[in-house]
1. Explain nothing, just compute: Karplus ³J(HN,Hα) = 6.51 cos²θ - 1.76 cosθ + 1.60, θ = phi - 60°, for every residue of the range 106-117 in order, whole Hz, x for Gly and Pro.
2. Using the per-residue mean of other Cβ atoms lying within 10 Å as a proxy for protection, in what order, highest first, do the peptides 24-34, 113-123 fall?
3. What is the Cα coordinate range of the range 4-44 on the first, second and third principal axes, sorted by size from largest, in whole angstrom?
4. Highest mean first, how do 15-21, 60-66 rank when packing is the count of other Cβ atoms within 10 Å averaged over residues?
5. Starting from 0.36 nm per residue, how many nanometres of slack lie between residue 88 and residue 17 once their C-alpha separation is accounted for?
6. Please compute the modelled spin-label separation between residue 127 and residue 67, points set 7 Å along Cα→Cβ, answer in nm with one decimal.
7. Taking Cα atoms of the range 5-131, Rg/Rh with Kirkwood Rh, to two decimals?
Amino acid sequence: MRDEIRVRIVSDADTVVARQAGRDEALRLGFSRTDATFIATAISEIARNITVHAGEGEITLRGLSEAGRQGLIVTARDEGPGIPDVPAVLRDDYISDIGLGMGLWGATRLMDEIDVSSEPGKGTTVTMKKWRGFDEVGSLLGTG
């Protein structure tokens, strides 16, 4: 596996860079074009959350091999205000005071696994995984 790719997020332009890096890495790892687009879109959503809510942060991308599966792990970190109620923002009926409120919820629909760790006043870490060759219910389909 390659070393991880790091993209500093401080502006909307960085969101584009992170999105493209995610798409490129997904294709390099053998994901289908459709899955690469899902990954890129999820990265866009999370990177936009960083610029809107925290001002700055970082996204890292790394190939993943676990229990015989191949995938991509995307980690987004910031030191912003944090999320006081993580389960609430993951619900499909959540409405944000800032933005469309689709960021985290949308990312959960595009990736296979997502974990959100946040502490008010200390920041947020979002870890997303996409597995090659799995559908949305996690059953093995073959190569993506």
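Bear in mind that the values in this text are calculations on the coordinates, not laboratory data. Treat the numbers as computed from the prediction; the structure is a model and nothing was measured. No Cβ is skipped: glycine too gets one built from the backbone with ideal geometry, and neighbour counts run over all protein chains shown.
1. Here the 3J(HN,Hα) series is x, 4, 5, 7, 9, 10, 7, 9, 8, 10, 10, 10 Hz.
2. Values: 24-34: 16.6, 113-123: 14.5.
The most tightly packed comes first, giving 24-34, 113-123.
3. For the range 4-44, the Cα spread along each principal axis is 29, 19, 11 Å.
4. Working: 15-21: 19.1, 60-66: 15.9.
Top to bottom by mean Cβ count within 10 Å: 15-21, 60-66.
5. On the way: separation 71, 0.36 × 71 = 25.56 nm, distance 2.92 nm.
Contour length minus Cα-Cα distance gives 22.6 nm.
6. 1.4
7. Details: Rg = 13.7 Å, Rh = 14.4 Å.
Reported Rg/Rh (Cα atoms, Kirkwood Rh): 0.95.
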